[in-house]
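Engineer: Quick one: this structure, given as structure tokens, is what I'll be asking you about.
The values are calculated or read from the model by the stated rules, or taken from the named source; none is laboratory data. As the structure is a prediction and not an experimental result, all values here were calculated from the model. Quick reminder, even Gly has a Cβ in these numbers, built from the backbone with ideal geometry, and neighbours come from all protein chains shown. Side chains included, ligands, DNA and RNA excluded: accessible areas come from the protein's heavy atoms. Shrake-Rupley method; radii C 1.70, N 1.55, O 1.52, S 1.80 Å.
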Amino acid sequence: MSADWPIVQLGEYCSKIGSGATPRGGASVYLDAGEISLIRSQNVYNDGFRPEGLVFITPEAAGKLQNVSVEKNDVLLNITGDSVARVCLAKEQYLPARVNQHVAIIRPDSEEFDARFIRYFLASPVSQGLLLSIAAVGATRNALTKNMIETLEVPKPPLEMQQTLAEKLEALEKKIDLNRQITQTLEEMAQAVFKSWFVDFEPTRAKIKARENGQDPTRAAMAAIAGKTIDQLDTLSPERIETLTATADLFPDTLVSSELGEIPEGWTLQTLEDVITLAYGKALKKTDRVSGDFPVYGSGGITGTHEKGLVDGPGIIVGRKGTVGSLYWEDHSFYPIDTVFYALCKGPATLEYAFYLLQTLGLEGMNTDAAVPGLNRSNAYRLQLPKAPGPLIVLFSKFTSSLRAQMKSGREEISTLEQLRDTLLPKLLSGEIDVSNFKEAEE
């Protein structure tokens, strides 16, 4: 079927191809909130637009970039640096927006091309390989020029076929996005419980307030733990009430002063070294990170795979050099390289407890004054924290291990769907699979 599709130059069917600029003043004029977004390369990924790190600019600054206003479903393509060739669609909820000089807008003629088709074509493995190769030609830094984009050859199926193909791939991506949202919600639930129990001591504070008001301290703590009102406790099952009672009994009804401020009575202070050991990763050449079943972790995340795992999973990885204080949870066995630590727990601490504890310690702000950013292990070990009762840590870990099992299942489904998408994508784009006979993802 692909032989029937004409091959055309992209620029001939676009009303706009062009990049933006950084507003005068650079990062100093960026806003954390505002009406007009400035989309940068860190927002553009092949699996979709990512709002993390999105900044905003004033209407005055946006006015000077009027010629690079972003419209819904514009194709956004990274054109410089290490992220070159990453591509996604602009999302309506982040408009109005402009792009900086590292991102190009591609706006195809809607009567000739479905923008989603262009995005999927540019994100396909073949196109990514081509874009990366031409970006590396004749420059010290990877870059795609306007001319390179305009002269890029793309297949041009009938518009209706483009739309059908895009809809099939979108169905898969919507399932992927839903799984990501569910996983993120579960993660936020675990973080919230840790903060409530071990940072804000909300059950103890609920007991104190209840006692002052002549109410039952235990039921008040149970309500705080369950996220319910005291009256709503009566709607819960006997098994749930039993668990809540046991948990509430582990929290005292008094706060006492300490070097860290108020902590529950009976709790003492300890250091991070009392809770975990930060073990050093092992050096591994880049050439040895190219194939295998075990993820290789650096401080910026997964940097490849290896044929052997160094640490049995699940495990926690902490950025040591480069991206200081970054944290990763890995369900499977993995290989930590020498830019990271991996955590070994000391009883009664568990991996779940240690992971959420580390998120609260501000490790990302503990950079040493060295040429290469680094986390000094001795400095981290000296951090003080409240020493919670072992049974409470066990209860927290039981709760969060259930959440993390659901997260693991969600991530595995995401991986399966991504593999299906990536397998189908080149076949659909080439016409090897007839989209008219393509089964829905849910069948």
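Engineer: How many of the residues making up the range 294-324 are among the basic types (Lys, Arg) and surrounded by fewer than 23 Cβ atoms within 10 Å (Cβ to Cβ)?
Structural biologist: 2
Engineer: Find the residue count for the range 17-54, including only residues that are among the basic types (Lys, Arg) and surrounded by fewer than 16 Cβ atoms within 10 Å (Cβ to Cβ).
Structural biologist: Number satisfying all stated conditions: 2.
Engineer: Something else now. Can you go through Leu260, Leu278, Leu244 and tell me which one is outside any loop (DSSP other than H, G, I, E, B), closer than 20 Å to Trp197 by Cβ and within 33 Å of the chain's Cα centre (by Cα)?
Structural biologist: Leu244
Engineer: Take Ala371 and tell me if it is surrounded by 15 or more Cβ atoms within 10 Å (Cβ to Cβ) and out of contact with any Gly (no Cβ under 7 Å at 6 or more places or on another chain).
Structural biologist: no
Engineer: Kindly evaluate Ala441 against the criterion of being modelled with pLDDT under 95, exposed (fewer than 13 other Cβ atoms within 10 Å of the Cβ), part of a loop (DSSP other than H, G, I, E, B) and of a type in the set (A, V, I, L, M).
Structural biologist: For Ala441, the condition - modelled with pLDDT under 95, exposed (fewer than 13 other Cβ atoms within 10 Å of the Cβ), part of a loop (DSSP other than H, G, I, E, B) and of a type in the set (A, V, I, L, M) - is not met.
Engineer: So, one more: Is there a residue in the range 105-119 that is part of a loop (DSSP other than H, G, I, E, B) and within 26 Å of the chain's Cα centre (by Cα)? Talk me through it step by step, then tell me what you get.
Structural biologist: Keep residues of the range 105-119 that are part of a loop (DSSP other than H, G, I, E, B), which gives 109-114.
Okay, now just the ones that are also within 26 Å of the chain's Cα centre (by Cα), so none.
Among the residues of the range 105-119, not one is part of a loop (DSSP other than H, G, I, E, B) and within 26 Å of the chain's Cα centre (by Cα), which makes the answer no.
Engineer: Name the pairs: first residue in the range 121-137 and within 17 Å of Gly81 (Cβ to Cβ), second residue at pLDDT below 90 and open to solvent by 40 Å² or more (accessible area, probe 1.4 Å), Cβ to Cβ under 6 Å, at least 6 apart or on different chains?
Structural biologist: Ala135/Asn142; Ala136/Asn142
Engineer: Out of the residues in the range 233-264 that are in contact (Cβ under 8 Å) with a residue 60 or more places away in the chain and touching a Pro at 6+ places or on another chain (Cβ under 7 Å), which is surrounded by the most Cβ atoms within 10 Å (Cβ to Cβ)?
Structural biologist: Taking the candidates together, the pick is Phe251.
Engineer: Something else about it: Among the listed residues Gly300, Gly292, identify the single one that is in contact with an Asp or Glu (Cβ under 9 Å, 6 or more places away or on another chain), farther than 23 Å from Ser196 by Cβ and of a type outside the set (D, E, K, R).
Structural biologist: Gly292
Engineer: Let me ask something else. Among what's in the range 292-324 and is in a strand (DSSP E or B) and β-branched (Val, Ile, Thr), pick the residue that is nearest to the chain's Cα centre (by Cα).
Structural biologist: Ile302
Engineer: Here is a follow-up. Yes or no: Phe198 surrounded by 19 or more Cβ atoms within 10 Å (Cβ to Cβ) and not in a helix (DSSP H, G or I)? Break it down stepwise before answering.
Structural biologist: Values: surrounded by 19 or more Cβ atoms within 10 Å (Cβ to Cβ): yes; not in a helix (DSSP H, G or I): no.
No; evaluated as a whole, the condition is false for this residue.
Engineer: I would also like to ask the following. Hey, any hits in the range 416-425 for a residue that's open to solvent by 10 Å² or more (accessible area, probe 1.4 Å), out of contact with any Lys or Arg (no Cβ under 8 Å at 6 or more places or on another chain) and modelled with pLDDT of 90 or more?
Structural biologist: For the range 416-425, residues open to solvent by 10 Å² or more (accessible area, probe 1.4 Å), out of contact with any Lys or Arg (no Cβ under 8 Å at 6 or more places or on another chain) and modelled with pLDDT of 90 or more: present.
Engineer: I need the full set of residues from the range 139-169 which are open to solvent by less than 10 Å² (accessible area, probe 1.4 Å) and either over 33 Å from the mean Cα position of the chain (by Cα) or among the aromatic types (Phe, Trp, Tyr) (or both), in order please.
Structural biologist: Passing the criteria: only Pro157.
Engineer: Could you tell me whether the range 67-74 includes any residue that is open to solvent by 40 Å² or more (accessible area, probe 1.4 Å), over 20 Å from Phe113 (Cβ atoms) and over 24 Å from the mean Cα position of the chain (by Cα)?
Structural biologist: Within the range 67-74 (the criterion being open to solvent by 40 Å² or more (accessible area, probe 1.4 Å), over 20 Å from Phe113 (Cβ atoms) and over 24 Å from the mean Cα position of the chain (by Cα)), the answer is yes, since at least one residue qualifies.
Engineer: Among the residues of the range 325-338, what is the count of those that are crowded, with 21+ Cβ neighbours inside 10 Å and assigned to a loop (DSSP other than H, G, I, E, B)?
Structural biologist: Residues that pass the stated criteria total 1.
Engineer: Taking into account only those residues within the range 339-368 that are among the charged types (D, E, K, R) and either closer than 29 Å to Asp288 by Cα or open to solvent by less than 50 Å² (accessible area, probe 1.4 Å) (or both), which is nearest to the chain's Cα centre (by Cα)?
Structural biologist: First, pick out the residues of the range 339-368 that are among the charged types (D, E, K, R): 346, 352, 364.
Of the ones still in play, those that are also either closer than 29 Å to Asp288 by Cα or open to solvent by less than 50 Å² (accessible area, probe 1.4 Å) (or both) are 352, 364.
Working: Glu352: 19, Glu364: 16 Å.
So, considering only residues that are among the charged types (D, E, K, R) and either closer than 29 Å to Asp288 by Cα or open to solvent by less than 50 Å² (accessible area, probe 1.4 Å) (or both), the one nearest to the chain's Cα centre (by Cα) is Glu364.
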